[in-house]
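Beneath this line is the structure, given in structure tokens, with notes to follow.
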Amino acid sequence: MIFVDNEEIREINKDMRNIDKVTDVLSFPMLEYENHKVFKDLYIGYKFEITDLNEGNLVLGDMALSLERALEQSEEYGHSYLREVCYLVVHSILHLLGYDHMEEQDKIVMRKREEEILNRFNINR
């Protein structure tokens, strides 16, 4: 995970996705997912080759988060900066686990999981 400013995330977005636009967070999963399937559907009990050689942990992927954009969005949405950064981290981790929000039903499922996780840590609006 890297924390960047708006210019840096725009550059990453342009280089990696060919989208020349500022965004809040970018996720780059190491694992492949089929449509509408997430980590628990595909990989429970799976023997992974992709691990951190130092610790033996599974590497899910990379994320880049614009702290500048997170601050802007916290002000725009009327909640704390901490809440916005935590939301974006959870959002990105869910992408690394195969969740998406391109289709309405997938968006509903992902938003529900985001709120469940944030509520578990008492990170409220």
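Look at region 31-59: where a residue is closer than 28 Å to Gln105 by Cα and modelled with pLDDT of 75 or more and a partner is surrounded by fewer than 10 Cβ atoms within 10 Å (Cβ to Cβ) and not aliphatic (A, V, I, L, M), sitting 6+ places away or on another chain with Cβ atoms under 6 Å, you get Val59/Asp52. Is there a residue in region 62-73 that is assigned to a strand (DSSP E or B), polar (S, T, N, Q) and either modelled with pLDDT under 95 or on the phi < 0 side of the Ramachandran plot (or both)? Yes, region 62-73 has at least one match.
Residues are listed down the side, and each one gets a yes or a no for (1) modelled with pLDDT of 95 or more; (2) more than 27 Å from Glu32 (Cα to Cα); (3) among the charged types (D, E, K, R); (4) more than 14 Å from the chain's Cα centre (by Cα):
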| site | (1), (2), (3), (4) |
| --- | --- |
| Arg83 | yes, yes, yes, yes |
| Ser92 | yes, no, no, no |
| His101 | no, no, no, no |
| Asp106 | no, no, yes, yes |
| Arg111 | yes, no, yes, no |
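If I filter region 10-30 down to residues being among the β-branched types (Val, Ile, Thr) and touching a residue at least 40 places away in the same chain (Cβ under 8 Å), which single residue comes out as surrounded by the most Cβ atoms within 10 Å (Cβ to Cβ)? So, considering only residues that are among the β-branched types (Val, Ile, Thr) and touching a residue at least 40 places away in the same chain (Cβ under 8 Å), the one surrounded by the most Cβ atoms within 10 Å (Cβ to Cβ) is Val25.
Which of the residues belonging to region 100-125 are aliphatic (A, V, I, L, M) and surrounded by 10 or more Cβ atoms within 10 Å (Cβ to Cβ)? Of everything in region 100-125, those that are aliphatic (A, V, I, L, M) and surrounded by 10 or more Cβ atoms within 10 Å (Cβ to Cβ) turn out to be Ile108, Val109, Met110, Ile117, Leu118, Ile123.
Test Glu11 against the stated conditions and say whether it is at pLDDT 95 or above and more than 27 Å from Arg125 (Cβ to Cβ).
When the stated conditions are applied, Glu11 passes them.
The values are calculated or read from the model by the stated rules, or taken from the named source; none is laboratory data. Since the model is a prediction, treat every value here as computed from it, not as a measurement. In this analysis, Cβ positions are derived from the backbone assuming ideal geometry, glycine residues included, and neighbour counts consider all displayed protein chains.
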